[in-house]
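J.: Please read through the structure below; I'll follow up with questions.
Any read-out appearing in this document is the output of simple, stated calculations on the displayed coordinates, not a laboratory observation. A quick note: this is a predicted structure, and the numbers were derived from the prediction, not measured. Here the Cβ is made from the backbone with ideal geometry for all residues, glycine too, and neighbour counts use every protein chain on show.
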Amino acid sequence: MSKPVKDMIVREYLERLGDVEEAAVVSLRGVGGIANTEMRADLRKKDIRITIVRNSLFGKAFADRTLGVLSPVMEGSNALIYGGESVVEVAREIVEIVKSFPEIELKGAILDGELYEGAEGIERLSKFPTRDEAIAQDVALILGPGRKLLASVKGPGGRLVGVIKAIEEKLEKGEEIAKV
């Protein structure tokens, strides 16, 4: 391959993946053409993309960027999978796809600059909460003590209101109220 063609491919990688900071690397070797197309179509519905990359050109394009952390797992035939809400969502989808296509080799993923290597790394990453789930957990954690405090304050007040209501009903019926 000539130098101008290599430079063109590097530029294409940078245009397509320049802003991507989280991705997973897999090998699709052994997946048939029809199955590959169906898998890509399913992922595209979830705004997840697959790009086949040449290892040396990928290394040249991303050596000084966040995706450069993936270099240790870039051996053999590789596809970069990225997009969706986060790489956690991507990892979840990949783990599900591997159940249907066991020939897919999980090589690694990157989240916040940290490399999750091999199939174990991607499976571990798939168990992380997504951004929205993490926010929901944080909100619940923050609101929990306030809810408990409100219940503690409201509990005795609710009982007092019940007693006052019972007294009011007895007085309306003309019954006598026992002295305490």
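J.: Label GLU168 and LEU141 with points 7 Å out from Cα along Cα→Cβ: what is the distance between them in nm?
T.: Simple spin-label model gives 4.3 nm for this pair.
J.: Could you tell me which residue out of PRO145, LEU57, GLY108 lies farthest along the dipole of the chain toward its positive end? Charges go on the beta carbon: Lys and Arg +1, Asp and Glu -1, centred on the Cα centre.
T.: PRO145
J.: Could you go through segment 15-23 in sequence order and give the Karplus-derived ³J(HN,Hα) for each residue, using 6.51 cos²θ - 1.76 cosθ + 1.60 with θ = phi - 60°, rounded to whole Hz, and x for Gly and Pro?
T.: 5, 6, 10, x, 8, 6, 10, 10, 7
J.: So, one more: Can you bin every Cα-Cα distance in segment 1-51 into 5 Å intervals starting at zero and give me the percent of pairs per bin, rounded to whole numbers?
T.: With 5 Å bins starting at 0, P(r) equals 4, 15, 19, 20, 19, 18, 5, 0.
J.: Take every Cα-Cα pair in the chain and report what % of them are more than 28 Å apart. Intermediate results must be reported in sequence, preceding the final value.
T.: Numbers: 7172 of 16110 pairs.
Result for the distance tail: 45 percent.
J.: Can I ask one more? Any chance you could count the Lys pairs in segment 1-155 whose alpha carbons are under 26 Å apart, treating pairs 8 or more apart or on different chains as valid?
T.: Final tally of qualifying lysine pairs is 13.
J.: Further question: Roughly how many debye, to the nearest 20, is the charge dipole of segment 3-128 about its Cα centre, given +1 on each Lys and Arg Cβ, -1 on each Asp and Glu Cβ, and no other charges? Don't skip to the answer; put the middle values down first.
T.: Values: 18 positive and 22 negative charges, 97 e Å.
The dipole magnitude comes to about 460 debye.
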